Amino acid sequence: MALLPILRYPDPRLKTVATPVTQFDDALVKLTQDMAETMYDAPGVGLAATQIDVHKRIIVIDVTDDKSGLTVFINPEIIDASKECKVYEEGCLSVPGIYEKVERPGTVKVRAQNVKGEWFETDCDELLAVCIQHEIDHLNGKVFVEHLSQLKQTRIKTKIKKQEKLQTA
Ligand code: GNR
Ligand code: NI
């Protein structure tokens, strides 16, 4: 098992669109285990492969308090989304210290493959619905702050630059 470094916004590599997984082998199992370990260590409720500079369509999520709900989503697709939207205050391991309200469909139906390549479908609501949409955005090269106004994005970039200066001073 290994902890993997997480890319920080506005790293341009976070804009990469991930490609589908085609090989369901031991290396994939190892990668998803390392992603889960990295997510729990952070700690976070989800992690997309994009965030660890691996541009394959792989997500790990666990929204439980006791690490009992680890789910691996390979090649995930949203096949249905509610018309009703909900606002949730989101954060991101790639944008530490920033929390902003984002509006998204409140419930989504997701189709994905597991590490063995078997397809499954799951209905997501509450935090899981927020998280899976947030993670699929990462696979498409999108960070949650890109849902905000240009003014807010500029302010966030300024705040991050100030934080970085303080850390390296
Ligand atoms: O740990 C995380 N918490 C979170 C809270 C609200 C909305 C989305 C998230 S996902 C985030 C982990 C992360 O950055 N995944 O990409
Ligand atoms: Ni994120």
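One decimal place: the segment Ala27-Lys15 gains 1.9 nm when fully extended, by the rule 0.36 nm per residue minus the C-alpha distance. Pairs of Cα atoms in the chain fall into 5 Å distance bins, from 0 up to the last occupied one, in shares of 1, 9, 17, 21, 22, 16, 8, 4, 2, 0 percent. Could you pull out the longest piece of the chain with no exposed loop trypsin sites (Lys or Arg not before Pro) in it, calling a site exposed if DSSP puts it outside H, G, I, E, B and it has at most 11 other Cβ atoms within 10 Å? For trypsin sites (Lys or Arg not before Pro) (loop position, at most 11 other Cβ atoms within 10 Å), the longest site-free span of the chain is 1-66. Any idea which of Val17, Val110, Val45 is furthest toward the positive side of the dipole for the chain, if Lys and Arg beta-carbons carry +1 and Asp and Glu beta-carbons -1? Most positive-ward Cα: Val17.
Classification of the range 5-46 by its C-alpha gyration tensor yields an oblate form. The axis ratio a/c (a ≥ b ≥ c) is 1.5 or more, and b/c is at least a/b. Between Val17, Val108, Val87, the GNM of the chain built on Cα springs shorter than 10 angstrom shows Val87 fluctuating the most.
Placing +1 on each Lys and Arg Cβ and -1 on each Asp and Glu Cβ, with no other charges, gives the chain a dipole about its Cα centre of roughly 1000 debye. Only Lys, Arg, Asp and Glu carry charge here, each on its Cβ (+1 for the first two, -1 for the last two); on that basis the range 112-169 has a dipole of about 860 debye about its Cα centre. In plain terms, the chain from Met1 to Ser68 could stretch by 22.3 nm, reckoned as 0.36 nm per residue minus the Cα-Cα distance. Exposed loop sites are taken as GluC sites (Glu not before Pro) in a DSSP loop (any state but H, G, I, E or B) with at most 16 other beta carbon atoms within 10 Å; the longest stretch of the chain without one runs 1-83. In this structure, the pairs whose alpha-carbon distance is over 21 Å, taken from Lys67/Lys101; Lys67/Lys109; Lys67/Lys157; Lys56/Lys142; Lys101/Lys142, are Lys67/Lys101; Lys67/Lys109; Lys67/Lys157.
Between Lys116 and Val87, what FRET efficiency follows from the Cβ-Cβ distance if R0 is 41 Å, with the result rounded to 0.05? Step by step, r from the Cβ atoms, then E = 0.65. Counting only DSSP beta bridges with both residues in the range 1-127, the antiparallel share comes to about 95 percent. What the phi angles of the range 30-44 give under the Karplus curve with 6.51, -1.76 and 1.60, with θ = phi - 60°, is a coupling list of 4, 4, 5, 5, 5, 5, 5, 4, 5, 5, 5, 5, 4, x, x Hz, glycine and proline written as x. Placing a pseudo-label 7 Å from each Cα along the Cα-to-Cβ vector at Glu103 and Thr158 gives an inter-label distance of 2.5 nm.
Only the coordinates and a few stated rules stand behind these numbers; no lab work does. What you see is a predicted model, and the numbers here were worked out from it, not measured in a lab. Virtual Cβ from ideal backbone geometry, glycine too; neighbours counted across all protein chains shown.
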